[in-house]
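Data first, discussion second: the structure below is written as structure tokens.
The values are calculated or read from the model by the stated rules, or taken from the named source; none is laboratory data. Keep in mind that what you see is a predicted model, and the values were worked out from it rather than measured. As a convention, Cβ positions derive from the backbone with ideal geometry for all residues, glycine included, and neighbour counts pool all protein chains shown. Ligands, DNA and RNA are excluded from the accessible area calculation, which covers all protein heavy atoms including side chains. Shrake-Rupley method; radii C 1.70, N 1.55, O 1.52, S 1.80 Å.
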Amino acid sequence: MADLNLSFNGKNITVPSGKRAIDIIKENAPELQGVLAAKVNGRMVDTGTPVTESGDLKALTFDDPEGRATFWHSTSHLMAAAVKRLWPETKVTIGPSIDEGFYYDFDRDRPFTEDDLAKIEEEMKKVTEENAVFKREEVSKQEAEKRFSDMNETYKLEILQGIPEGSVISIYTLDKFVDLCRGPHIGLVKKIKSFKLMKVAGAYWRGNEKNKMLQRIYGISFPKKEMLEAYLNGLEEAKQRDHRKLGKELDLFSTHEEYGPGLIYWHPKGGLIRKEMEDFWRNEHLKHGYDLVFSPHIAKLDLWNTSGHTGFYRDNMFDTMKIDDMEYQLKPMNCPFHILMYKNSTKSYRDLPLRWCELGTVYRYEKSGVLHGLMRVRGFTQDDAHIFCREDQVEAEVINAINFVLYIIRTFGFTEFEVYLSTKPPEHIGTDDMWTKAEDALKAGLSKAGLKFSVDEGGGAFYGPKIDLKIKDALNRTWQCSTIQVDFALPERFDMTYVGSDGKEHRPIMIHRALMGSLERFFGVLIEHYKGAFPLWLAPVQVAILTITERSAAYGEQILEKCRAAGIRTVLNNDNEKIGAKIREATMQKVPYMLVLGDKEADSGTISTRKRTGEEEKGVNAEEFVAMVAGKIKNKDLTI
């Protein structure tokens, strides 16, 4: 059998054809521990798979996203095996990995209880202790249908109906549990050292409300016990940071399901923070050469037909409304309005680039089950911008946009992020030359910004490539916020033109760009990132003056006037209650600075300061304190 030439672990190796992936990995990288699966020329395989083609070989561990997905998918099979041991009459459906962990959907008459989850976990432990192995076999479609029919697994038979005749079907067996599955899986089940079943939820078969409601068990697993402990501790911390909980405690916002799910009511304190976000956003855009525009909330359906939204985005749009016997549509995006403004007059090559920005409120239909506080809503304000430029200007505009993104998110305190570049998909519009120039422009911008990025090959939109930036919060969770997209489609669909230096009409390039994504979602991320203890410049109340005696109340009024005159958001609490209670209340509201004033401070003309973190200082000069706080606010200092 001929030898194979493989690129593995940064070096070129020669191996006999048919040698198992795991044996090649062990011989050439014995230091690699915890290998869960492998990739051969980009194709995921079990580690026991014989390698029969030259090319690239990659070992996947839990540190790799695909390795984690394999680990979690394997754990879903382990859970299903335990369920079938305990309740053989239960029918199985699907059990994939998800962003964090896995789930499996079961058809069972009696609902699973918390006690049942504990029993399933115990049975899962028994399977791992028995050193069970994932066994793969490939059979014909007819053989697969016979086997699952004999087991009365009707859902698997339905899945098989959608697979073309003549296909080779892979089946995995773990213990006595047999599943229809592409794989790969981790081989030895004992690699799953630690797991936890998290909850039970309802789920319609194939996500269709007309189908039967199934029971979905969610879980998480890790190759080490301490990793599970850290994860569960992180979940507890996440509960304390939940923006819905803090939003209520700090009186920032509310939702009212009875009058419209997914719609946000900004309370005075939340409104103040929003004002700071918006003022900063608008001022910085003006400094960076953008013009502010405002657009309507609805338009005739014809506009959305031209833009393509009714064809590509219909499921995320609300139903139309009739006005004067014509159909109108709530806007799901701002882009078409900006294009109409562009087309309102003839543009010259000298006019470009045009940078137009808008805090535009849009409306998108989301199913009730996916709505989540500020993070998933039906009405939200995009920090939107569209840049209309010549082809030769794309690179410079992309670089400017990337630098602008970084400046904005860093000002809000986000310094860690993941960056992705999505390139040309198989189905696309525009010439190859246009795509190459656009992708090169995005790469150049990322390179000049010093950003490491992952390439999502073929992951671009049909209208052009894009950059997605996901910020990391205090718990190292990622949130999709910023995006920069190059668009060839809309200029074409709307027949946008400019007059070039040659006197002929040319097609502009359109760059879509969002920095925060949406004010609502970004606000939710800010709440959780800071646990409600906002940076000084964003805090709705920046200073709380707390008086101890009646005589110090008049002095408190003087300090209040000094603070407000300096533009510091300040409140005065001279109620007749103990100072300890006042301090607790201000601390609970996460006010950055508390000024404790008694007779001593009134007599000396000084103040005693207390930070929300507990540090205290007495005999502070009032004017110096006010100047210091005002300076921190002006500079958007993230510390107090």
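Residues of segment 239-257 being farther than 14 Å from M375 by Cα and either surrounded by fewer than 19 Cβ atoms within 10 Å (Cβ to Cβ) or touching a strand residue (DSSP E or B) at 6+ places or on another chain (Cβ under 6 Å) (or both), which ones?
Within segment 239-257, K239, Q240, K248, E249, D251, H256, E257 qualify.
How do the pairs read when you match residues in segment 143-165 that are over 15 Å from V178 (Cα atoms) with residues anywhere that are open to solvent by less than 40 Å² (accessible area, probe 1.4 Å), using Cβ under 7 Å and keeping only pairs 6 or more apart or on different chains?
Final answer for the pair search is I163/K141; I163/I169; E165/K141.
Please state which one of G459, G413 is outside any helix (DSSP H, G or I) and modelled with pLDDT of 95 or more.
Sole residue among the options that is outside any helix (DSSP H, G or I) and modelled with pLDDT of 95 or more: G413.
Inspect all residues belonging to segment 558-574 and state whether any of them is surrounded by 18 or more Cβ atoms within 10 Å (Cβ to Cβ) and modelled with pLDDT under 95.
Yes, because at least one residue in segment 558-574 is surrounded by 18 or more Cβ atoms within 10 Å (Cβ to Cβ) and modelled with pLDDT under 95.
What pairs come up if the first residue lies in segment 581-597 and is at pLDDT 95 or above, the second is in a helix (DSSP H, G or I), and their beta carbons are under 6 Å apart, counting only those six or more places apart or on different chains?
Qualifying pairs under 6 Å: M594/A586; L597/S552; L597/Y555; L597/G556.
As an exercise: evaluate R43 against (1) crowded, with 19+ Cβ neighbours inside 10 Å; (2) more than 20 Å from Y231 (Cβ to Cβ); (3) out of contact with any Lys or Arg (no Cβ under 9 Å at 6 or more places or on another chain); (4) without any contact (Cβ under 8 Å) to a residue 40 or more places away in the chain and give the number of the one condition it does not meet.
Only one criterion is unmet by R43, namely (1).
What number of residues within segment 275-296 satisfy the criterion of being among the hydrophobic types (A, V, I, L, M, F, W, C) and within 15 Å of A401 (Cα to Cα)?
Number satisfying all stated conditions: 2.
Out of T93, T113, T70, which single residue is closer than 22 Å to L232 by Cα, surrounded by 14 or more Cβ atoms within 10 Å (Cβ to Cβ) and not small (G, A, S)?
After ruling out the rest, the residue left standing is T70.
Which condition number does P164 fail, the rest of (1) assigned to a loop (DSSP other than H, G, I, E, B); (2) under 19 Å from M213 (Cβ atoms); (3) open to solvent by 50 Å² or more (accessible area, probe 1.4 Å) being met?
(2)
Just checking, which of E121, E100, E137 is more than 23 Å from K26 (Cβ to Cβ), more than 32 Å from the chain's Cα centre (by Cα), open to solvent by 20 Å² or more (accessible area, probe 1.4 Å) and not aromatic (F, W, Y)?
E137
Could you tell me whether N211 is in contact with a Lys or Arg (Cβ under 8 Å, 6 or more places away or on another chain), assigned to a loop (DSSP other than H, G, I, E, B), more than 30 Å from I22 (Cα to Cα) and not basic (K, R)?
In short, no.
Got a sec? Which strands (runs of 3 or more DSSP E) wholly within segment 239-324 have at least 2 residues that are without any contact (Cβ under 8 Å) to a residue 24 or more places away in the chain?
Here the list reads 264-266, 321-323.
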